[in-house]
1. Would you work out the charge dipole size for the chain about its Cα centre, treating the Cβ of every Lys and Arg as +1 and the Cβ of every Asp and Glu as -1, and quote it to the nearest 20 debye?
2. Mind pulling the angle between the C-alpha long axis of helix 240-258 and the longest principal axis of the chain? Nearest 10 degrees, somewhere in 0 to 90.
3. Please figure out what share of the DSSP beta bridges in the chain is antiparallel and state it in percent, rounded to the nearest 5.
4. Taking every pair of alpha-carbon atoms in the stretch 240-312, give the share separated by more than 19 Å as a whole percent.
5. Decide, for the chain, between rounded, prolate and oblate: order the square roots of the alpha carbon gyration tensor eigenvalues as a ≥ b ≥ c, take rounded if a/c falls under 1.5, and otherwise choose prolate if a/b is larger than b/c, else oblate.
6. Starting from the Kirkwood radius over alpha-carbon pairs of the stretch 367-420, derive D by Stokes-Einstein at 10 °C in a medium of 1.306 mPa s and give it in µm² s⁻¹.
7. Whole Å is fine, so just give me how far the alpha carbon centre of the stretch 575-614 lies from that of the stretch 670-684.
8. Does the stretch 617-656 classify as rounded, prolate or oblate by the C-alpha gyration tensor (a ≥ b ≥ c root eigenvalues; a/c under 1.5 gives rounded; else a/b over b/c gives prolate, otherwise oblate)?
Amino acid sequence: MKHSVTVEFGGRPLTIETGEIAKQTSGAVMVRYGDTMSLVTAVAMPDVRPDTDFIPLTVNYQEKFYATGKIPGNFFRREARPTDKETLTSRLIDRPIRPLLPDNWHYDTQIIATVMSADGENEPDGISMIGASAALMVSDIHFAGPIAGVRVGRVGGELIANPTPDQMAESDIDLFLAGSKKAIVMVEAGAQEVSEQDMLDALEFGHKAIQPVLEAQEELARKVNKPKREMPEVIDPLTDEDRSKFEGLVAEGLNKALSTTDKIERYANYKIAKKAALSQYSEEELAEKGKALKAYFDELKAKRMRGSIVDEGKRIDGRDLVTVRPINIEVGLLPRTHGSVLFTRGETQSIVTATLGTSDDEQRLDQIEGMFFKRFMLHYNFPPYSVGETSFRLGPGRREIGHGTLAERAIKAVLPDPEDFSYAIRVVSEITESNGSSSMATVCGGSLSLMDAGVPIRGAVAGVAMGLIQEGDKTAILTDILGDEDHLGDMDFKVAGTENGITALQMDIKIEGLSSELMHKAMEQAREARMHILGKMNEAISAPREDISPYAPRITTIQIPVDRIRDVIGSGGKVIKEIIAKTGCSINIQDDGSVSIASSVPENTEQAIQIIKELTREAELGMVYKGKATRIVDFGAFIELIPGLEGLLHVSEIDFGRVANPGDVIKEGDEVVVKVVEIDQQQGRIRLSRKAVLYMDPEELPFQEPVPPTEPPAEFRAKLEEDAERRASRGGDRGGDRGGRGGPRGGDRGGDRGGRGGGSRRR
């Protein structure tokens, strides 16, 4: 049976339907918001996966190109491997849902969200998260929901729920949160250096905005009224006596491990303590209780660590709750990179590099919304050696893509505008050691490497990861958490920003939620830590280098007329390819006529600039050009002044005397020196004169500079008048009196023209 609910959400109706599509799933819904629609399904296998001690949940978000009436642009013309956006959205949905499944939920479970229609105004990620929660609510899967997601923007100081792309382009906050009725459970945000209070206001606004959607999901679940499946009873093989005995066996070794500040030694002591305790049991006992005892060891470890923090304010590495680990920075580590830094904070370390490129190096993104180009890229790599392990996995995983995107968002806010710095920028973080907060080390290192590369960023960006331990009514907020504190704690709360404000924020909660009071305290504690870290970074490098690396390409931008772009590109790109091949430069032309020329060799850049200027030169009144005759016609000759630009040399402007046939004086392909005497801007016509410069010495001609009109020497004016009278009386028999004009033209013209041989005159 079909059921649906509709609710007002961000000023627009949101509809959730179930019971008509994908009826063989555990639960399925179609969510519609405007003309954006997402089908979300949830399936849990009927049997428990054996020997599983984790929640086997998989979330897949996929965007179909048909949703916007497009065909994929790849070779096979079908959707292929997940894009970064799809991977990030899958994580976005997974993170708030996973903690709300039972700890003993060991059924293989898969949530698939498929974007089937997209209107370009309403983002599909938020409604897909709502759909995932709703699909679980109407299924037989045990789920402590509902939850809902909302995007919050701020335009002109006004907070907006689910802003349109046009509104987001003007927004100084881009916040996505997921929440339950009681609290916020997940946050992903970027901002333009906003204050902590502004971010808290946005969080509170977003949490209020999702309340109607949560009620709608509960209403839909009541309509469907599907019972939850019966789960097998969990039988604990350990008795109270077993627990007491094991706790006594590991007490000394565990205390030693938890008092060891070095991570490698501490982990080694964990293993020694656990192995020593388990050695006191027989093979039969281990076969029956060994797995449970190992799990209980982890419980004891978490209990001791958490108790020490909330009761004594003491952490396993000896710090108090607010102290940041020691920081060491080495700028300019790698000699041939454009920018580099070694950033170490405690036992977390990263080598971060910055590379500058041209617009040709920008990342091309083919998405359902259209084609986009991305000029700033940050890639985070977490090799297994960073934690002393081995792995055969190739390529970045979901976690690496997510961490890289968080750091990218944090730094993007301080980048110079493309108009002021037209480089493509790639930052790469290689995590070489890890013990917590590696993504925030990437933020710090990325900011420093950009400064080392000479990128004029608006300010340094630092990041810190905060943690939370909550035991009963006791709560502790931790600054700069370790790996163990992240794993065994209740919250991972990352904040990045400049001295002026927040640029990125990410939060994941393992408990039911975080109150506004705790959120405020965590934000303020994070701000103090950020200021401390920025101080250490400023000691290493306080401002961007004055110049970019000598190994980076130098980009010079010139402007050409829009209607001359085709002359630089040429047919099929022939001309621009020749320029690139000749100069070795990278050349990019924009639709507005701006031309970016990049090369690490200044001479090559200058050569390319001169070629392009020559190709796009405009004729100027009074200028003298050495052109090439391209066509001879009855009324004159067409002269190509510069490639692609022709002017008419009328027959009357070829010589001072009458020229009956222009072809007798000028042949196609001849070089001809001419002066621009008229430019008709409306018609786009250029009139030329040869006789205006006919009697100037070719070696002295000021090419491409205005010259005064020229006349023949005085001794020739009388001769010309005499010739004119003779032609009138003889009917045009001109050859003999003009030095054999009727025959071949050569040196015999010189005698009658003051010794200037015709062969030396420019045509």
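Rule-based calculations on the coordinates, nothing more; no lab input. Note that this is a predicted model, so its numbers are computed, not measured. Quick reminder, even Gly has a Cβ in these numbers, built from the backbone with ideal geometry, and neighbours come from all protein chains shown.
1. Taking the Cα centre of the chain as origin, the dipole is about 2220 debye.
2. Helix 240-258 sits at roughly 50 degrees to that axis.
3. Approximately 90 percent, going by the DSSP bridge assignments.
4. The calculated P(r) of the stretch 240-312 puts 33 percent of pairs beyond 19 Å.
5. Details: a/c = 3.58, a/b = 2.49, b/c = 1.44.
Because a/c hits 1.5 or more and a/b exceeds b/c, the chain counts as prolate.
6. On the way: Rh = 13.7 Å.
Estimated diffusion coefficient is 116 µm²/s.
7. Measuring centre to centre over Cα atoms gives 28 Å.
8. Oblate, since a/c reaches 1.5 and b/c is not below a/b.
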